Amino acid sequence: MQNEDQNGKPHTEAVCPSKKDKLDLVQVRSDIEKKNAPEFWRSLEELAGSAEFREMMHREFPKGASEWVDAVSRRGFFKLMGSSLALAGMTACTKQPFEPIVPYVKQPEELVLGRPMFYATAFTLGGYATPLLVTSREYRPIKIEGNDRHQASLGGTDVYAQASILNLYDPDRSQNVSNLGNVSTWGELVNALREPLNSQQAKKGSGIRILSQSFSSPTLADQKQQLLKKFPQAKWHFYEPVNRDNVYEGARMAFGQPVETTYKLDAADVIVSLDADFLYAGFPGMTRYARDFAKRRDPDSGNMSRFYAIESTPTSTGAKADHRLSVRASDIASFAAHLVNLSGGLGVQMPPAAAAFLGAVTQDLNARHGASVIIPGDHQPPVVHALAHALNQQLGNVGKTVFYSDPVLAYVGSHNDSLKELIADMSAGKVDLLVFLGGNPVYDAPADFGFKDVLKNSNVPLRIHLGSHNDETAELCHWHIPEADYLEAWGDTRAYDGTVSIVQPLIAPLYGGKSAIELVAVLAGEGEPTGHEIVQSYWKSKESSQIIAGHPAPFDETWRKWLEQGWVDDTTSQPKKVSAKATSFSASASASDKNAIEINFRRDPSVYDGRFANNGWLQELPKPMSKITWDNPLLMGPAMAERMHIKKMDMVRVELQNGKYLDLPVWIQAGHPDNSVTVFLGYGRQRAGRVGNEQGFDTYTLRYSDAPWFANSVKQITNRGQQYILASTQGYQTMDTGETQRPAVRVKDLEDYKKEPEFDEEKPQPNETLYNETERERVSLNEPYAWGMAIDLNACVGCNNCIIACQSENNIPIVGKDQVNRGRHMHWLRVDAYYQGDRDNPKAYFQPVPCMQCENAPCELVCPVGATTHSTEGLNDMIYNRCVGTRYCSNNCPYKVRRFNFFLFQDWDTPQFKMQRNPDVTVRSRGVMEKCTYCVQRINHKRIDAEREDRKIADGELQTACQQSCPANAIVFGNINDPNSLVSKWKAKSRNYGMLDDLNTRPRTTYTAAVRNPNTELERSSS
Amino acid sequence: MAESLRMAKPTEVEIGEQKAPVIAPGHTFASITDKIASIVLRRPITNGWLFGFAICFLILQWFLLAVCWLFYKGVGVWGVNIPVGWGFAIVNFVWWIGIGHAGTLISAILLLLRQSWRNSINRFAEAMTLFAVACAGMFPLLHLGRPWLFYWLFPYPNTMTYWPQFRSPLVWDVFAVSTYLTISLVFWFIGLIPDLASMRDQTTNKALKFVYGSLAMGWRNSVRHWHRYETAYLLLAGLATPLVLSVHTVVSFDFSIGIVPGWHTTIFPPYFVAGAIYSGFAMVLVLAIPIRRFYDIKDFITDRHLENAAMVMLATGWIVAYGYAIEAFVNWYGGDPYETFLRWNRLHGPYALSYYLLLLTNIVVPQILWVKRIRTNSIWLFFVSLDVLVGMWLERFIIVVVSLTRDFVPSSFGQYYPTWNDWSILAGTLGFFAACMFLFLRLLPAVSISELKTLIPQAEVTVKHEEEVHS
């Protein structure tokens, strides 16, 4: 280490940080060459001794970090970061892992440059897997797709999985092992652990505590057992702020044992949600549920299902309901109790509207014995889950639409209790070695635990944190180990149905990160096996014993097959017979103060529990109902706001009964129950990284362990008399504008639709022109392909997934809160949300809006330099090179789908982002217009394939990014010159319409109108 | 033809006896030359001029800074966004082009219409046109996302197989504005030649003599020169006349070709031209009133001129008002939901205040011009003209920006907030314009010496003689 200092020049304050970085880069390169190191990441660690490097690492961010005040200068700062020392060499050294990983079935094993390869793997959130096929270009994973053969995905993904590719390339990830803030190495950590572990051996490990997040990995579970066998007195704790405690506890109440409940929504005629957000990412099995749900929402099928939502905080799931009842979260339990008891007798008095609602629901449920499903929300207390179980049994749904099986997660106890126990041990001085396997409890533990102070003050002699970022928890630990991303490390995980997927990495760890299983192996004294060895040896032992007993193939072949297909055979959970305990749930009704304002805590639709706070795509993802980006305001119903004289974006102080308070801005959310407010978790991070730091408000400070999801605990909400700017991408969420109503979304009720399937009596003629056919039409009809898209508004669940898929596929930059607020967000595809009717409980509709690819495109006519032109196949092409940026095309676009680079929004310098981008898509520069291209790069790939084989592109062979990742199958794309293509069939439906087609733009993207299936009696009584 | 034109003028003076004269009595050829040339040649630079010029020059420097920042960062420094892709830049462009109309109208159309009173104001009105078009011409360049590629709007041979897209009104703009600028410049320069010769003859400074002499291109006041001069001048007037109408018609196509509600209107061409003349005459008055006051040339720019300009404003103001009324009528009569909403939005939307201000400044206030006392009162006229200039700017703001904020899809409705850079560039072009005017007053004869001479009685001598012979 010392001798390195001779090489290191004395550090001088460089005037220009980027200049300095360049100097560093050169030096490091030469250093590396001198060393002739076989493994690049290792040599970096050795290099760490140099003065500049240490200085740079010590400062965490290079010079210019203090510049980061707003979006513009952040961008500038990103550029400076670009040449950061540690990363500079990395780009050139992308490698696959050393162990063989297996590409997806039909792909050649050898890399063909310019051709993508696909690898099956899985993304895990809260312990539940989303099975994936990851696109790899030249050994760089660049795009996430759902594993279309896996039953839990069927090709769909959710926003978190879709955006996780950006986590891998996050330049703020921690990049080295650190000890007390100094750069260290994995080897040093292993050495440092040797002595304490030896001494623990004698104490049977009584001083060892491990805190992990929820996981379902069989390998890690096995390792846990091994570890506890070796150290019988050691304890393994779990904490996850967004957990499923209530689910398992509810099962315990109902059946005396924790079970996993899964639903078969395509078999359900009536779906009742008890505050369950089962059509949005974060709900285990969401991808499959969305697919099954949408399948039964086709009004042309003749068996459209009906969906009742009893809901507190408005969600995109509730927006899909035929009837939505807006109630406070704490009242859901009594509503559920009513549903259970209704056949018997009523207990508490219900308001008439609610009673009518419940009456209708009960009637419908009873009429469809065995073909209904009750889904309770994860955040509802155990009693609601127990009631739902009882109701599902009562209605004969079990075994038909509802299935029970063994829990997927390794830990089914209470997370709060587990953490509490750990804290008690820490305070009592019983803990000698504390290991965090991921997680960030300093930030997200319940406020009453005071975990931060305990960790700071208790004398735990050795604290080790494994995490992707040097976050709030890492700061208070002795050691921090960069955690390998799931795309960098071997592992295994289970989907909501229990099916195990082997997580195979697509790229060697960028920063020498380690996975949890590798760390646990060290703790268990198993040497330093690689993740691959650990996972494979576990499955080898399983394979010979139980799972594929009698399988003739050798293990290597079996392993290969598992990797190829993306799941381990025969691991899907088997339905389990459970019998209900005869208990009464009458004591359920919450005894809390009914008059106090209720505060709800919900996982954020964008940043989840805060772990994605540094993911720019997710930060800039408009939340499905409010379209707010970059923030977590207090959601409040319009009636309540009016009563309290609070307007949108007013700063308010929320004061709890125990005196705790938090100032945050208000967003008026139509449909939010009265006397209740909602906050999202996950914001106000201090050490998330440059994107996530200081964005929004830390609502964990109000969250207590006794009521983690909702509590009638708000003493008062006072207007602070200040304004706060919230950046929403959609300012006007109603189609009623001024004196007119605009039919952007067309809707009918199922009954009316059956009587009159036509939606628009004054539909424009197919060809309103003076000529027999337009020139364009003549050309396009003679082309082999005419691309078109149809979007089913009935199927769309508003899950936002397509936005991220498009962003990832098409190298779309993020612009920052300030620019979003100025109306300059860059999403090529947006999902418009429209509210209709009663503001206290409106109907809501989602409409994904990509480019319409108009045949008579208004944009093309007005471009002075011919930068946007029509292709013979009907695409409205954008030629970035030719664009001079008059923005006339955008003005003239009635759909406003064009996006303009007002600044240099793209980060052209950060090496990680260079790796992350899709090489088939131009990276746009400042001053040019851009827009949806129907993923023209994908069309061209398929066209080349088809032409080489001298055939036409088959229907369904080609999918756009939004279409491919849509969990609800709401988007269809294809050749409309082929009358047998699926898209032609969709367009032939009477529900099909073109947005603003009265302008005679002849859009190629059309919509199939939304059809609701309301209960006619309930509809009549409510109107 | 030229001869007959000149003969007509004194007659008109005689007919309009009851009106104020277009030139004060008592002037001779010599006194006119002397008076006008002395402003440039003998009058010392006053503190007032220095002060005014310095302020304008400072604003111009600020403008350059703002433009540098704009080019360095990108058009994002403005308030433009999606859906409002065009903001102040295009508003200013249309406004300045409109102002530029008055000069050519005065010099060409009024010449052809034998409105001899134009002779004393056409020179600086033409200068004003040039400077206004120069201001206007900057904006299409500044507002580009990639301004360094502005030349791609011109058809020129290149190896990129690149050609402009001639269906776009922006390409028409390029031709309309550049043609207009060229013709205006040539017309102005031709008109200047005899006066430059006078300046050459008047000055005692050798250097100035050389400069004016070069610019005068050897003018020797011969009959042959005069003959060719008058012919060229008339031909150019003939060429310039259709341009007055075409430029703003083409500019209005930028909007009426678009499908945005509030843009897509067939009334735009005449309505834009009338508005342009309206604002142009307002600017003429805003300039003429202080000029004649500070340079003491009330003899040449008389109340008669002011009154005539005021009457043109009143007339064009009513055409503009008619335009507003027809627009509103069509919004209602057409029954198109987007047009109906447009009307509602203008009256009740977030920018309703600007619409009411527009009606006030452009229609209500100018009605005081019906009163003769106000038409002849330079103070009143000055402020009414300023009011009209503000009003016409608001009109363009409402057309360009307010229409874009809310067009078709409610989810994409937006707002427009101008930034410091937007305001700086608007102020900057005003500074540039004024600085140019200051320089013009000191360097060139602000009133046409040769044409003014045709207005005095002595110019009639030959005519009288002929009449005597005939009688």
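The values are calculated or read from the model by the stated rules, or taken from the named source; none is laboratory data. Note that the coordinates shown come from a computational prediction; the quantities given were computed from them, not determined experimentally. Cβ sites come from the backbone with ideal geometry, for glycine too, and all protein chains shown count toward neighbours.
Here are the numbers for this structure:
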item: The stretch A:909-948: number of residues that are within 14 Å of another protein chain (Cβ to nearest Cβ) and of a type outside the set (Gly, Ala, Ser); result: 7
item: Filtered residues of the stretch A:305-326 (kept if part of a loop (DSSP other than H, G, I, E, B) and touching a residue at least 60 places away in the same chain (Cβ under 8 Å)); result: A:305, A:312, A:313, A:314, A:315, A:320, A:322
item: Cβ pairs under 7 Å, 6+ apart, first in the stretch B:326-353 and within 13 Å of chain A (Cβ to nearest Cβ), second surrounded by 13 or more Cβ atoms within 10 Å (Cβ to Cβ) and among the acidic types (Asp, Glu); result: B:331/B:339
item: Those residues of the stretch A:880-903 which are of a type in the set (S, T, N, Q) and either surrounded by 23 or more Cβ atoms within 10 Å (Cβ to Cβ) or in contact with a Gly (Cβ under 6 Å, 6 or more places away or on another chain) (or both), in sequence order; result: A:886, A:890, A:891, A:892, A:901
item: Some residue of the stretch B:394-405 being under 18 Å from residue A:894 (Cβ atoms), of a type outside the set (Val, Ile, Thr) and buried (at least 21 other Cβ atoms within 10 Å of the Cβ); result: yes
item: Flag for residue A:415 being at negative phi and not assigned by TED's automatic domain parsing to the domain that holds residue A:254; result: yes
item: Residues of the stretch A:974-1016 classified as hydrophobic (A, V, I, L, M, F, W, C), in contact (Cβ under 8 Å) with a residue 40 or more places away in the chain and part of a loop (DSSP other than H, G, I, E, B), total; result: 4
item: So residue A:947, is it over 32 Å from the mean Cα position of the chain (by Cα), over 22 Å from residue B:163 (Cα atoms) and either at pLDDT 90 or above or assigned to a helix (DSSP H, G or I) (or both); result: yes
item: Residue check for residue B:36: surrounded by 19 or more Cβ atoms within 10 Å (Cβ to Cβ) and closer than 25 Å to residue B:442 by Cβ; result: yes
item: Candidate set from the stretch B:394-412 (those that are assigned to a helix (DSSP H, G or I) and in contact with a Ser or Thr (Cβ under 8 Å, 6 or more places away or on another chain)); member that is nearest to the other protein chains (Cβ to nearest Cβ); result: B:410
item: Where residue B:162 falls short, out of the listed (1) in a helix (DSSP H, G or I); (2) at the interface with chain A (Cβ under 9 Å from one of its Cβ atoms); result: (1)
item: Residue satisfying all of: in the stretch A:911-949; crowded, with 19+ Cβ neighbours inside 10 Å and in contact with a Lys or Arg (Cβ under 6 Å, 6 or more places away or on another chain); nearest to residue A:862 (Cα to Cα) among these; result: A:929
item: Strands (runs of 3 or more DSSP E) within the stretch A:433-524 that include 3 or more residues touching a Leu at 6+ places or on another chain (Cβ under 6 Å); result: A:433-437, A:462-467
item: Test: residue in the stretch B:180-202 that is farther than 26 Å from residue B:229 by Cβ, surrounded by fewer than 21 Cβ atoms within 10 Å (Cβ to Cβ) and among the aromatic types (Phe, Trp, Tyr); result: no
item: Some residue of the stretch A:122-130 being surrounded by fewer than 21 Cβ atoms within 10 Å (Cβ to Cβ) and in a loop (DSSP other than H, G, I, E, B); result: no
item: Test: residue B:228 is farther than 27 Å from residue B:129 by Cα and away from chain A (no Cβ under 14 Å); result: no
item: Odd one out for residue A:207 among (1) within 30 Å of residue A:496 (Cβ to Cβ); (2) in the same structural domain as residue A:226 (by TED's automatic domain parsing); result: (1)
item: Residues of the stretch A:827-856 satisfying the condition of being over 15 Å from residue A:730 (Cβ atoms), touching a strand residue (DSSP E or B) at 6+ places or on another chain (Cβ under 6 Å) and within 11 Å of chain B (Cβ to nearest Cβ); result: A:852
item: Test result for residue B:174, without any contact (Cβ under 8 Å) to a residue 40 or more places away in the chain, within 14 Å of another protein chain (Cβ to nearest Cβ) and either of a type outside the set (Phe, Trp, Tyr) or part of a helix (DSSP H, G or I) (or both); result: yes
item: Unique match (being among the basic types (Lys, Arg), outside the structural domain of residue A:576 (by TED's automatic domain parsing) and in a helix (DSSP H, G or I)) among A:297, A:252; result: A:252
item: Pair list, Cβ under 6 Å, 6 or more apart: the stretch A:287-304 residue under 17 Å from residue A:273 (Cβ atoms), other residue assigned to a loop (DSSP other than H, G, I, E, B) and of a type in the set (Ser, Thr, Tyr); result: A:296/A:305
item: Residue that is nearest to residue A:409 (Cα to Cα) [pool: residues in the stretch A:255-285 that are assigned to a loop (DSSP other than H, G, I, E, B) and aliphatic (A, V, I, L, M)]; result: A:259
item: Restricting the stretch A:694-746 to residues that are basic (Lys, Arg) and either within 14 Å of chain B (Cβ to nearest Cβ) or not in a strand (DSSP E or B) (or both), the residue that is farthest from residue A:842 (Cα to Cα); result: A:703
item: Complete set of residues in the stretch B:244-260 that are crowded, with 24+ Cβ neighbours inside 10 Å and over 21 Å from residue A:863 (Cβ atoms); result: B:244, B:247, B:248
item: Total residues in the stretch A:702-727, condition under 20 Å from residue A:612 (Cβ atoms) and touching a Lys or Arg at 6+ places or on another chain (Cβ under 7 Å); result: 1
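Each row is one residue, and each column tells you yes or no for (1) among the small types (Gly, Ala, Ser); (2) surrounded by 24 or more Cβ atoms within 10 Å (Cβ to Cβ).
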{"residue": "A:452", "(1), (2)": "no, no"}
{"residue": "A:458", "(1), (2)": "yes, no"}
{"residue": "A:478", "(1), (2)": "no, no"}
{"residue": "A:495", "(1), (2)": "yes, yes"}
{"residue": "A:498", "(1), (2)": "yes, no"}
